[in-house]
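First the structure, in the form of structure tokens, and then the observations on it.
Bear in mind these aren't lab numbers, they're just calculated from the coordinates by the rules spelled out. All figures in this text were calculated on a predicted structure; none of them were measured in a lab. Here the Cβ positions follow ideal geometry from the backbone for every residue, glycine too, while neighbour counts run over all protein chains shown.
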Amino acid sequence: MNVALHTRLRPERIAEYEAVHREVPEELAAAIRAAGVTSWTIWRSGCELFHLLECESYPRLLAELEHLPVNVAWQERMGELLDISHDYSDAGVGAGLPVVWSL
């Protein structure tokens with residue numbers, strides 16, 4: 001399944017956000033893959049971030065990562081950089097952007 005998400009950076013934290021993403025912990029990347037993600041790409045336009053995930057099941061991804069210590073630490077770090085964060089709770093399952101059109 002494809003899932004598109006939107007998050008938003010704090011304007012003064014753009015460079016820091018990009019630097020942190022050059023060093024995503026391998027333990028976190030491995031956990032994301034193990035939770036069924038085959039691809040996760042993030043695009044930035046100003047402070048707006050758009051994510052496209054390809055995964056087996058988005059609810060499964062959230063359930064497996066929500067309380068995982070490496071993800072909790074990563075989300076705490078992201079919380080310092082973002083005005084709108086990725087929601088890993090059950091409520092986050094509905095946070096995907098709706099498809100308007102595709103070819």
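The GluC sites (Glu not before Pro) of region 1-61 meeting both criteria, a DSSP state outside H, G, I, E and B (loop) and at most 16 other C-beta atoms within 10 angstrom of the site's C-beta, are Glu23, Glu56.
Legend: Rg and Dmax of the chain, from Cα coordinates, 13.3, 39 Å. Once the other residues with Cβ under 12 Å from the Cβ of Asp83 are scored (Lys, Arg +1; Asp, Glu -1), what is the net sum? Neighbour charge sum, excluding Asp83 itself: 0. Remark: the His6-Glu18 segment gains 2.7 nm on full extension, using 0.36 nm per residue and subtracting the alpha carbon distance.
Here the 3J(HN,Hα) profile of region 24-37, calculated from phi with Karplus coefficients 6.51, -1.76 and 1.60 at θ = phi - 60°, is 4, x, 4, 4, 5, 4, 5, 5, 4, 4, 5, 7, x, 7 Hz, Gly and Pro shown as x. Simple spin-label estimate for Val100 and Ala63 gives 3.3 nm between the two label positions (7 Å along the Cα-to-Cβ direction from each Cα).
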